[in-house]
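The values are calculated or read from the model by the stated rules, or taken from the named source; none is laboratory data. The model shown is predicted, which means the values in this text are computed figures rather than measured ones. Note that we place each Cβ from the backbone using ideal geometry, even for glycine, and neighbour counts take in every protein chain shown. When the accessible area is computed, the model is the full protein with side chains, heavy atoms only, and any ligands, DNA or RNA have been set aside. Shrake-Rupley method; radii C 1.70, N 1.55, O 1.52, S 1.80 Å.
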Amino acid sequence: MTSTLTPPAVSRPPEGGKRKRRRPFFGKNPLGLLFSAPYLVFVILVFAYPLVYSVWISFHDFFFAAPGAQVDRPFVGLENYITAFSDPAVIRSFGNVGIFLLINVPLTVVLSLLLASALNKVTHFRAFLRVSFYVPYLTASVAVVAVWLFLFNGNGIVNQVLGPLAPSPSWLVNEHWAMPSIALFVTWKQLGFYILLYLAALQAVPQELYESASTDGAGAVRSFFSVTVPGVRPATVLVLLVSTVTGANLFTEPYLLTGGGGPNGASASPVLIMYQDGLQQGHPDTAAAIGVVLVIVVLGIAWLQNRFAGGND
Amino acid sequence: MAKQLFSHTRMSRPQYILRGVVLAIGALAFLFPFYYMVIGSLQTKPDPSVVGAFPNIANITGENYVQINERINLFQGLLNSGIFTGGVLIGTMVFGLLAGYALAVLQWRGRGVTFALALLVQVIPFQLLMIPLYVLIARDYGLADNYLGMILPFFINSTAVVIFRQYFLQLPKELFEAARIDGASELRLLWGIAIPLVRPALITVVLLTFIGPWNEFLWPFLVTKQSALQPLAVSLANYISTVAASASNPFGATLAGAVVLAAPVVVLFIVFQRYFVSTNIGSGVKG
């Protein structure tokens with residue numbers, strides 16, 4: 001990615017050793033710290049502290065108390081984790097998100113790379129294609145959920161076109177199709193963003209590689225697999241990571257598209273359970289435990305992806 | 001650039017056609033639901049048959065917009081979304097720009113750590129923070145049903161900070177040094193030199209920052225119980241999940257609300273799309 005290269009002026013080493021002692025503690029331009037202070041305070045307040053607090057809550061008996069009331073919140077060890085994961089609904093929600101990721105992540109990688117490389121070489125209708133590819137990503141989930149509900153409804157246009165092939169009960173109320181439908185929806189909704197990432201990565205693939213591939217007699221398909229695919233591998237790792245994190249955070253779609261994770265919890269996601277259990281039913285401690293486990297699982301998956309797809313870079 | 005690429009890659013005629021077909025199917029798949037949203041919002045009676053996908057003059061009405069406006073106050077919803085989004089835009093354009101400038105142009109202790117944080121923050125799932133943030137903001141600070149509580153977790157967009165840094169890094173160093181010798185203050189440098197030079201690129205950031213809070217559902221949904229304070233995404237979602245069943249044409253009314261929610265972003269994007277360059281965003285996520 002050309003734009004990520006640091007211009008040489010910045011990587012210039014600090015001035016000679018003998019002048020070092022004259023540099024103030026906060027560096028040459030301590031003003032930089034002042035300029036960044038609001039951002040740093042924001043990060044600590046909204047990310048760092050809540051992150052630690054989340055783990056703390058998950059190990060204590062935590063409940064909502066009236067504001068200002070002094071309440072005892074004893075340390076309970078792993079009790080919240082045990083409570084959370086002896087609930088079959090929680091286990092099932094993790095399984096659901098697993099199904100979601102198995103469909104969504106590979107589909108996202110293949111389709112976004114395919115469309116990005118097709119779009120990359122286009123000279124006509126470029127603006128039109130760009131707008132149409134990015135629009136689902138830019139639009140609120142809530143707005144597009146409304147139209148998908150209409151499209152995939154029992155006698156919606158999708159089933160009308162499919163005729164006898166339509167599943168019964170219909171997609172979003174069918175135990176087997178609810179989660180795949182959500183995975184398909186999210187793939188469609190987010191694809192524009194990943195196309196954008198791949199387009200940026202495609203600019204960085206050296207043109208000479210395509211030239212020499214073509215001199216060696218490779219056709220378009222061959223050079224796609226032997227030049228483009230390896231050339232955009234860093235972007236692929238990023239797409240895997242971002243789509244996995246996004247998928248693990250699934251909330252809006254099962255909440256609205258399948259009416260709160262239905263049918264019978266077939267499309268409930270861990271975050272939906274965290275909301276229902278933690279905030280609706282007032283068990284923030286078990287919800288925090290689910291959140292901590294979810295993040296550990298996601299980190300594990302991300303590590304594996306990086307290990308096997310990242311190669312040497 | 002594109003022409004060059006084309007001449008280098010030998011593409012036979014069938015492959016050329018195949019590529020056109022792939023792109024056309026893609027565009028159709030992305031656009032059709034939007035087309036259907038608009039058509040559906042204008043129909044008197046929902047017509048889910050294939051014929052219903054084509055506009056029929058006899059069936060066209062603005063009634064659905066009136067109906068959704070009776071259930072959820074569209075103007076109030078748009079205003080709340082606007083305040084929420086505006087707050088985030090102000091925070092990002094003021095404090096995000098300052099941080100981006102400091103990260104790119106100034107040498108200070110802690111710069112590397114701050115930049116690493118800005119990258120790290122982008123992969124922390126917001127949902128992990130959902131419970132503690134709710135406890136802190138809605139309970140401890142008493143900011144439930146309050147614009148501040150809505151804005152706070154999104155106040156400064158970290159992706160924007162990283163993109164700002166990237167833009168400022170691309171400006172020549174000599175420019176700043178010359179101005180500093182002339183005695184210009186850093187704020188003056190930022191305002192008078194750096195910002196005017198990156199102005200076209202700022203549009204990408206504004207657009208990118210805009211869609212976050214405008215489309216956000218989960219957080220404002222958690223912290224607003226009063227309907228008078230809910231952004232449009234939240235009130236429309238509540239309509240979908242509860243009230244829709246009792247409306248005479250629930251799909252028509254829902255789709256009308258969806259059009260109102262989607263339109264500002266889509267219009268903004270179409271107007272500014274030529275500034276929305278892939279490399280800018282790629283660098284923001286990757287650093």
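Inside the stretch B:208-231, residues that are assigned to a helix (DSSP H, G or I) and open to solvent by less than 20 Å² (accessible area, probe 1.4 Å) make up a count of 10. Among the residues of the stretch B:188-198, some residue qualifies, meaning at least one is out of contact with any helix residue (DSSP H, G or I) (no Cβ under 6 Å at 6 or more places or on another chain) and farther than 24 Å from B:Tyr275 by Cα. Restricted to the stretch A:182-289, the set of helices (runs of 4 or more DSSP H) holding at least 1 residues that are crowded, with 21+ Cβ neighbours inside 10 Å and more than 20 Å from the chain's Cα centre (by Cα) comprises A:207-215, A:220-223. Among the residues making up the stretch B:139-197, a single one is under 29 Å from the mean Cα position of the chain (by Cα), under 28 Å from B:Leu207 (Cβ atoms) and of a type in the set (D, E, K, R): B:Arg165. For the stretch A:108-123, the criterion of being within 11 Å of another protein chain (Cβ to nearest Cβ), open to solvent by 20 Å² or more (accessible area, probe 1.4 Å) and more than 23 Å from the chain's Cα centre (by Cα) is satisfied by at least one residue.
B:Ile60 falls short on exactly one of the conditions (1) farther than 30 Å from A:Pro24 by Cβ; (2) at the interface with another protein chain (Cβ under 7 Å from one of its Cβ atoms), and that condition is (2). Can you run down the residue pairs with Cβ atoms below 7 Å, 6 or more apart or on separate chains, where the first is in the stretch A:130-155 and more than 16 Å from A:Gln190 (Cα to Cα) and the partner is of a type in the set (Val, Ile, Thr)? Matching pairs, first to second residue: A:Ala146/B:Ile240; A:Ala146/B:Thr254; A:Leu151/A:Ile157; A:Leu151/A:Val158; A:Phe152/A:Val158.
In the stretch A:108-120, the condition of being under 25 Å from B:Pro14 (Cβ atoms) and in contact with a Lys or Arg (Cβ under 8 Å, 6 or more places away or on another chain) is met by at least one residue.
When A:Asn80, A:Asn29 are screened for being within 7 Å of chain B (Cβ to nearest Cβ) and more than 13 Å from B:Pro132 (Cα to Cα), only A:Asn29 passes. Scanning the stretch A:72-81 for residues that are open to solvent by 60 Å² or more (accessible area, probe 1.4 Å) and either modelled with pLDDT of 85 or more or under 21 Å from A:Asp277 (Cβ atoms) (or both) yields A:Arg73, A:Phe75, A:Leu78, A:Glu79. Among the residues making up the stretch B:184-207, a single one is surrounded by 14 or more Cβ atoms within 10 Å (Cβ to Cβ) and not in a helix (DSSP H, G or I): B:Ala184.
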